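Novice: Before anything else, here's the structure in question.
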Amino acid sequence: MTNSKTSDFTPALGSIGSIRLYDRVIALLTREKHWRGKLIAALTPLEADIIVDIGAGTGSLAILIKKIQPSVRMIAIDPDPEIEKIAENKAAKAGTDLEFISAMGDADLDHLIAPGTVDKVVSSLVLHQCPIPVKKRILGNAFRMLKPGGILYISDYGRQRSVLMKLAFNLVRMTDGYDDTRANKEGKLPDYISEAGFNSIEELNVTSTPTGSISLYKGLKPKT
């Protein structure tokens with residue numbers, strides 16, 4: 001694990017949840033297998049890929065990617081040292097070789113991940129927990145890491161299009177804060193992805209869950 005200075009962040013499950021319950025809560029309340037399956041299908045990890053997971057949490061996605069394509073160089077970034085210990089233990093039990101960086105997703109990581117060297121960046125259920133300036137810096141980091149032609153994949157709460165999904169999303173908003181989650185609810189993530197420099201932005205999939213709808217976004221870094 002590589003240590004880097006961290007700043008304030010919303011813990012997993014907010015300030016009231018137990019990180020030891022994180023995986024079970026996420027599986028139950030977000031239909032994790034469904035949206036994560038859609039993300040993996042879109043990602044299509046290749047043997048020579050370098051993939052970065054920003055806000056890797058307990059490492060479930062990073063481990064799954066590594067299981068599907070063991071030759072991938074998989075880098076997991078997360079600021080929470082307690083939850084990272086869980087991720088490290090899970091990776092060891094799964095026999096997967098992950099690289100861990102302890103840092104905020106918006107931290108300056110150029111000395112650890114050279115700009116323009118990463119094939120794909122993924123991030124799931126992270127941006128809704130962040131203030132708008134942090135959301136934008138995370139997306140800027142992803143853009144800087146990626147090679148020209150590299151691809152960004154974001155699975156997170158997006159525009160809540162129905163009354164039912166808006167009501168369901170209130171559970172997340174009570175936990176993670178109304179201010180930080182407002183931009184997600186209003187469907188502004190594609191705008192922020194575009195502002196970071198990405199083009200060909202698509203919403204590939206929307207999954208309805210007991211806590212609101214989760215969108216899968218894709219953005220391309222221009223080749224030139």
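Every number here is computed from the coordinates shown, using simple stated rules; none is lab data. Keep in mind that what you see is a predicted model, and the values were worked out from it rather than measured. Because the Cβ atoms are built from the backbone with ideal geometry, glycine has one as well, and the counts that use them run over all protein chains shown.
Novice: With contacts defined as alpha carbon pairs under 8 Å and 6 or more residues apart, what's the relative contact order of segment 101-177 in percent?
Specialist: Working: 70 pairs, mean separation 29.6, N = 77.
After rounding, I find 38 percent.
Novice: While we're looking at this one, here's another question. Could you pull out every residue, at least 5 positions away or on a different chain, whose amide H is within less than 5 Å of the one on residue 204? Hs are placed 1.01 Å off N in the peptide plane, and Pro or chain starts have none.
Specialist: 216, 217, 218
Novice: Can you pull the one-decimal nm distance between simple spin-label points at residue 114 and residue 167, each 7 Å off the Cα toward Cβ?
Specialist: 5.5
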